[in-house]
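The values are calculated or read from the model by the stated rules, or taken from the named source; none is laboratory data. Predicted, not measured: the structure shown is a model, and the values here were computed from it. Every residue, glycine as well, gets a Cβ built from its backbone with ideal geometry; the counts of neighbours run over all protein chains shown. Note: areas computed on protein heavy atoms with side chains; ligands, DNA, RNA excluded. Shrake-Rupley method; radii C 1.70, N 1.55, O 1.52, S 1.80 Å.
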Amino acid sequence: MTAHEREAASADGGRSTEEERAAEEERAVDQALALVGHQPRAGHRPPEGPGATPSKPPPSSPVSPPSAVSPPSSSPSSAAAAAAAASASAGPESRPDSGLTPSSPARSAQTPGAAMPSAPAPSSPAPVVSPLAAPAPAADSASSRSHGGSSADRPASSPHAHRTGSTAWHAARALAESLGRAAPLAAHRLPLDRALGHVLAEAVVALTDLPSFDTSAMDGWAVAGPGPWTVKEGEGLLAGRGSTEPLPDGQASRIATGARLPADATAVIRSEHAHCDEAKRLLYAGREVVQGQDIRPRGQECRSGDELLPAGTVVTPPVLGLAAAAGYDALVAVPRPRVDVFVLGDELLTSGLPYDGLIRDALGPMLAPWLRALGAEVAEPRRLGDEAGALRQALVSSDADLILTTGGTAAGPVDHVHPVLAEIGADLLVDGVAVRPGHPMLLARLAEGGPCLVGLPGNPLAAVSGLLTLAEPLLRGIAGRPAQDRYRAPVPQEVHGHPHDTRLIPVVHREDSVVPLHYNGPAMLRGIAAADGLAVVPPGGVRSGTEVEILDLPWASASPWTEGCFT
């Protein structure tokens with residue numbers, strides 16, 4: 001086979017993989033959404049008036065509560081089983097990012113025994129670029145707790161016995177976004193000074209021509225006809241005021257930038273391109289004058305009724321400026337998704353140095369600003385400890401659109417998330433994802449049309465993985481934000497992957513490639529703190545020069561206003 005033939009075969013194989021992945025995502029999404037009674041939304045609910053706030057879907061909403069679809073006796077894990085079945089239906093050979101192989105049973109815990117890449121000496125500066133020539137990092141513990149825990153699955157009689165497999169990473173991510181987009185959009189009218197960071201629920205249509213009259217684009221002279229021109233007496237034409245009388249042929253008048261052009265004026269001559277003979281009151285041009293030069297004609301930017309911005313546009317500072325110029329005092333926008341964060345774990349400290357087996361809570365301080373950068377309104381994180389009753393009360397009393405829990409998603413002795421979800425009748429849509437780190441993440445829908453819940457593992461980088469895999473696409477769907485454009489970038493050296501699962505690795509962009517960083521273990525934040533993205537490494541790893549999918553971090557290309565605009 002020639003080199004050209006090998007390249008063509010490789011390209012065909014890549015296309016086949018993408019087609020299989022898309023089909024797999026569609027099957028998982030359709031089956032899981034069917035079990036919770038969701039239908040794709042047709043549009044948003046109109047605002048009820050100025051300052052209207054979002055309300056619950058009316059009884060006629062196409063969104064049915066889960067109980068209307070699943071019989072009362074059905075297990076909360078039924079949707080998760082459907083998602084796993086959809087993932088498995090493509091067959092192991094056609095699922096490059098599946099967590100299952102023909103010879104491997106379904107797993108609910110990380111595969112043990114993989115070695116961690118050797119870390120640089122403590123004196124090395126951080127971050128350190130890693131060649132990642134060593135095997136993949138050690139797999140996540142079956143316990144989601146950052147301080148360790150039981151790695152054995154509970155016996156079949158336990159509430160965790162229904163965890164039979166993992167959802168493929170791409171399928172889990174697609175399901176989360178589809179679930180968010182299945183909910184009907186609310187809409188409210190916001191004054192411009194409160195609309196920053198929201199998503200437009202209605203298109204912005206020009207309410208006037210822009211500019212609404214012919215204006216001068218420069219400081220200089222408005223002239224009519226050929227020169228030289230007789231200079232009119234007076235202070236000239238200023239922005240916002242001045243005579244609207246016609247300018248007779250052969251005359252010139254002083255004019256400022258933005259001032260309304262007098263009728264019959266044919267051009268504007270810049271001050272530096274003209275000479276005025278004060279004694280004779282004559283104006284001479286220093287270069288050729290072209291009709292219409294340095295004039296902004298009425299409607300140059302838009303005409304009244306033109307669509308300026310489509311629905312789904314994120315309101316940025318320039319969007320606010322354009323809306324104001326087009327005559328708007330308020331915008332119809334989608335409310336920001338409301339998120340509750342519940343931090344679980346008796347071992348967590350909120351200040352000071354770790355001691356006596358206690359550790360600092362890294363997720364509480366990190367998640368709220370991260371979620372705000374994704375466009376959400378976030379309540380102050382609540383620390384619940386290892387109390388099943390406190391967790392249950394917090395879940396059933398929350399009125400948020402999304403609940404995030406940290407830790408407690410595996411099968412340790414104080415991992416209460418699964419038992420509590422089963423107790424309150426939640427639909428478990430994703431119970432484990434074939435990704436490292438972050439395997440024991442989960443996605444559920446609380447009963448009777450309640451909020452969605454994303455259970456994040458307790459290890460910090462594993463929690464970041466869950467945030468980007470499930471919470472970020474779910475929030476994007478709820479907020480009506482457009483899907484991110486997928487893009488790929490090459491890695492300059494071989495990157496080892498997990499034998500069966502997708503792997504997310506912190507990277508930094510270097511010219512036309514991305515370089516993986518050290519300190520990428522499940523409990524580490526040192527690598528992600530210096531990264532501007534995460535590389536999606538397929539099972540088995542990739543060779544040097546291979547292009548991998550990149551997940552941008554929300555601040556990687558952000559403007560300086562991003563961090564504070566959602567507070």
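Here are some notes:
- Along each principal axis, Cα extent of region 229-285, largest first, Å: 29, 22, 20
- Of all accessible heavy-atom area on region 227-329, the percent that carbon and sulfur account for (1.4 Å): 47 percent
- A crude spin-label estimate for the pair ALA324 and ALA263, with each label 7 Å from Cα along the Cβ direction, gives 3.3 nm.
- Note on ARG298/GLU278: beta-carbon distance plugged into 1/(1 + (r/R0)^6) with R0 of 41 Å gives a FRET efficiency of 0.75.
- 3J(HN,Hα) couplings calculated from phi for region 509-522 with the Karplus curve 6.51 cos²θ - 1.76 cosθ + 1.60 (θ = phi - 60°) are, in sequence order, 6, 10, 6, 9, 9, 10, 10, x, 10, 5, 6, 10, x, x Hz; Gly and Pro show x.
- Rounded, prolate or oblate (a/c below 1.5 giving rounded, otherwise prolate when a/b exceeds b/c) for region 509-553 by Cα gyration tensor: oblate
- Distance between the pseudo-spin-label points of ARG543 and LEU192 (7 Å out from Cα toward the beta carbon): 5.7 nm.
- Pairwise Cα distances in region 417-560 exceed 27 Å in 26 percent of cases.
- Around the amide H of HIS500, modelled in the peptide plane, lie the amide H atoms of GLY540, all under 5 Å away and 5 or more residues distant in sequence or on another chain.
- Computed 3J(HN,Hα) for region 246-253, one whole-Hz value per residue from the Karplus formula 6.51 cos²θ - 1.76 cosθ + 1.60 where θ = phi - 60°, is x, 9, x, 4, x, 10, 9, 9, glycine and proline marked x.
- Distant-in-sequence amide H partners of LEU207 (H built 1.01 Å from N, under 5 Å): GLY305
- Total formal charge among the other residues, if their Cβ is under 10 angstrom from that of GLY220, Lys/Arg +1 and Asp/Glu -1: -1
- Rounded is the label for region 345-446, because the ratio a/c of its alpha-carbon gyration tensor axes (a ≥ b ≥ c) stays below 1.5.
- Residues of region 216-255 with amide N under 12 Å of the 7 Å Cα→Cβ point at SER271: 218-221, 254-255
- Using R0 = 41 Å, the C-beta based FRET efficiency linking ARG510 and GLU377 works out to 0.70.
- Rolling a 1.4 Å probe over the protein heavy atoms of region 351-465, with every protein chain left in place, gives an accessible area that is 52 percent carbon and sulfur.
- Using a probe of 1.4 angstrom and keeping all protein chains present, the accessible surface of region 218-350 works out to 52 square angstrom per residue.
- Counted charge near GLN300, where neighbours are those whose Cβ lies closer than 15 Å (Asp, Glu -1; Lys, Arg +1): -1
- Simple label model, 7 Å out from Cα along Cβ direction - VAL205 to ASP532, nm: 4.0 nm
- Cβ-Cβ FRET estimate between GLU288 and GLU494, R0 fixed at 45 Å, reported to 0.05: 0.10
- Shape call, region 286-354: gyration tensor on alpha carbons, a/c limit 1.5: prolate
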